[in-house]
Amino acid sequence: MRKRLPALLLTVLLAIGPSLTSCSRETPAPAEEIAVPAAPRPTAKPVAKPEPQPQPEPEPLPEPEPAFFTDVSEADWYYEDVRTLFDLGALPERETFAPAASCSRLEFVQYLYGVNLALGEPPEAFPEAKYADVPAGSEGYEAVMWADRHGIVNGMSDTVFNPGGTLSREQCCTLLCRYANDAGITLAAKTPSPAMFTDSLSVRDYAKSYVAACQMAGLLSGYKDGSCKPAGEITHAEAAKLACSLLRAAQSAVPAGTAGVATTPDAYLDCYEELARSLFGQPVPESAPVDLSWFDDAAIVGDSVTVALQMYCASTKALGNATFLSAGSLSALNNNVMAVGPKSVHPTYKGEKMKIEDGVAASGAKNVYIMLGMNNLYVGVDAACEDMLELVNNIKAKSPGVNILIESMTPVAQGGSVLSQGLTNDKINQYNQAMQALCQEQGWYYIDVSSQFRDSDGWLKRDFCGDLPGMGIHFTFAGTKVWTDYLITHVPQALK
């Protein structure tokens, strides 16, 4: 049975209309399609492009700090000096500093240039290169040109600077003082006068006052043995210390009442003259024995008395590899005036007879011991000293820079036959006194060998005399041993 629709629903259906209520099976005709025009699309309005706004330039990234040297630590005595020069930009950007390596001419000039800029001096323009080996734009070019312009350093020639050449300690002192003098820097004196080093007399003449000035100002200190090794190559660490010591001295005011240090080339020459008088006016004092290798650079000159020493050393090597230039009857006079020949009394070197000065030059000796005079005294003490001076001048002319060590003439033994020929101990003593005075005047060292061989009456001790009865002047091997022991323990401190 079909269910009846609810009355309310039926009422609604009737109200809608017959189409919905018709039960006809005919399909209604499709409604005619009506064209509906499409709505016009709105025209897009042009959008104004924004004006490009200037973009702020990005800030440049800070350049990385150059790395400090891997071989320098804060525990090193030179750390503060190297750090100072590094911060000034006076050191090359390298991984290592090599503190013990030799400092070059270019490097030290760079150190000084860094000091100059740190003291507020403006950089200078250098339009043209002067030296072919330091072209414009090369490392250190400005420093070299600055130093040349201000007279601080000279080239090796008009066109060659030799940037890689090394510098000695005395040369560095010279450059420091030239710079201080040019820049008007007043250095305070740490000491009232130079406290001379043990090897001060080996400082070359041009650098004497400069080395003394640096020592007075506290820029240069010596080694533990009291020397300054003026000719020694300066290391990177030592050079940095010198340059920074000057910088700090220049930045410090000279205290009131403190004397300034002169940086002129002849300011302290008198100090060296006083030192020479104190050193050369007295016999070389005793000191600890030197190693025998010290005598490898020594030439020992003498007559027949020294021949005995030569024979002893040939068999014992008591003086190492010293060169002997000795001959019987040799004297300064006959060496100077006689031509070398088969019958001349000149000494031989490596089998060839030659003058003393030529033998010294051929051997390359740096220290020349001379005991001559016994065969010369017949012309008188003064004439014998003049002959010795001529001989030494000839030696130094062919071997500049050699050190001269005069050995005192040894005495005659009592009863010696030479006494009858006028060779007396009184005359020998007069000659030794005159030679000691000449040593002081000329800057030669005086080795008082004869003091070891005199007895209480001034004669040659009989134990040391090997030719009695006879001449009474030549030595036994016991005497030559005493002689070698004396030479080993009486080397000038300045020459060690």
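The values are calculated or read from the model by the stated rules, or taken from the named source; none is laboratory data. All values derive from a computational prediction rather than experimental measurement. Note that we place each Cβ from the backbone using ideal geometry, even for glycine, and neighbour counts take in every protein chain shown. Side chains included, ligands, DNA and RNA excluded: accessible areas come from the protein's heavy atoms. Shrake-Rupley method; radii C 1.70, N 1.55, O 1.52, S 1.80 Å.
Mind listing whichever residues of segment 198-233 are free of Cβ contacts under 8 Å to residues at least 40 places away in the same chain, part of a loop (DSSP other than H, G, I, E, B) and either closer than 23 Å to Ala101 by Cβ or of a type in the set (Phe, Trp, Tyr) (or both)?
First, the residues of segment 198-233 that are free of Cβ contacts under 8 Å to residues at least 40 places away in the same chain: 204-205, 207, 215, 218, 221-224.
Filter once more, keeping what is part of a loop (DSSP other than H, G, I, E, B): 204, 218, 221-224.
Correct list: Ser221, Gly222, Tyr223, Lys224.
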Scan segment 143-195 for residues that are touching a Pro at 6+ places or on another chain (Cβ under 7 Å) and either of a type in the set (Asp, Glu) or without any contact (Cβ under 8 Å) to a residue 24 or more places away in the chain (or both) and jot them down.
Glu170
Among the residues of segment 81-114, which ones are of a type in the set (A, V, I, L, M) and either part of a strand (DSSP E or B) or modelled with pLDDT under 95 (or both)?
Leu85, Leu88, Ala90, Leu91
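Residues to consider are Ser157, Ser168; find the one that is open to solvent by 40 Å² or more (accessible area, probe 1.4 Å), farther than 19 Å from Pro123 by Cα and not hydrophobic (A, V, I, L, M, F, W, C).
Ser157
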(1) surrounded by 23 or more Cβ atoms within 10 Å (Cβ to Cβ); (2) touching a strand residue (DSSP E or B) at 6+ places or on another chain (Cβ under 8 Å) all hold for Leu220 apart from (2)
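Confirm whether Ser315 is among the hydroxyl-bearing types (Ser, Thr, Tyr) and open to solvent by 40 Å² or more (accessible area, probe 1.4 Å). Explain how you work it out, then say what you get.
Working: among the hydroxyl-bearing types (Ser, Thr, Tyr): yes; open to solvent by 40 Å² or more (accessible area, probe 1.4 Å): yes.
Yes: the conditions hold for Ser315.
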When Ala327 is evaluated against the numbered criteria (1) among the aliphatic types (A, V, I, L, M); (2) open to solvent by less than 50 Å² (accessible area, probe 1.4 Å); (3) in contact with a Lys or Arg (Cβ under 7 Å, 6 or more places away or on another chain), which criterion, by number, is the only one it fails?
(3)
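Only one residue in Ile488, Ile428, Ile406 is within 23 Å of Leu275 (Cβ to Cβ), of a type in the set (A, V, I, L, M) and modelled with pLDDT of 95 or more, so which one is that? Reasoning before the result, please.
On the way: Ile488 fails: within 23 Å of Leu275 (Cβ to Cβ); Ile428 fails: within 23 Å of Leu275 (Cβ to Cβ).
On inspection, the qualifying residue turns out to be Ile406.
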Quick one: Leu117 ticks every box in (1) open to solvent by less than 40 Å² (accessible area, probe 1.4 Å); (2) assigned to a helix (DSSP H, G or I); (3) more than 22 Å from Ala207 (Cα to Cα) except a single one, so which number is it?
(1)
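Quick one: which residue in Ser287, Ser245 is under 19 Å from Phe197 (Cβ atoms), of a type in the set (Ser, Thr, Tyr) and over 27 Å from the mean Cα position of the chain (by Cα)? Let's see the steps before the verdict.
Details: Ser245 fails: over 27 Å from the mean Cα position of the chain (by Cα).
When all the criteria are applied, what remains is Ser287.
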Can you tell me which residues in segment 277-312 are open to solvent by 20 Å² or more (accessible area, probe 1.4 Å), under 20 Å from Gln436 (Cα atoms) and among the hydrophobic types (A, V, I, L, M, F, W, C)?
Leu279
Members of segment 261-294 found to be in a loop (DSSP other than H, G, I, E, B) and at pLDDT below 90, listed by number:
Gly281, Gln282
Filter segment 249-261 down to the residues that are in contact with a Leu (Cβ under 9 Å, 6 or more places away or on another chain), surrounded by fewer than 18 Cβ atoms within 10 Å (Cβ to Cβ) and among the small types (Gly, Ala, Ser) and list them by number.
Gly260
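Filtering segment 463-486 down to residues that are of a type in the set (Phe, Trp, Tyr), within 16 Å of Met371 (Cβ to Cβ) and touching a residue at least 40 places away in the same chain (Cβ under 8 Å), which residue is least open to solvent (accessible area, probe 1.4 Å)? It would help to see each step written out before you state the result.
Narrowing segment 463-486 to residues of a type in the set (Phe, Trp, Tyr): 464, 475, 477, 483, 486.
Pick out the ones that are also within 16 Å of Met371 (Cβ to Cβ) and you get 464, 475, 483, 486.
Okay, now just the ones that are also touching a residue at least 40 places away in the same chain (Cβ under 8 Å), so 475, 483.
Working: Phe475: 18, Trp483: 0 Å².
The residue in question is Trp483.
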Filter result for the condition that a residue is of a type outside the set (D, E, K, R) and out of contact with any Ser or Thr (no Cβ under 9 Å at 6 or more places or on another chain), over Ser331, Ser304
Ser331
Determine if segment 350-361 includes at least one residue that is open to solvent by less than 70 Å² (accessible area, probe 1.4 Å) and of a type in the set (Lys, Arg).
yes
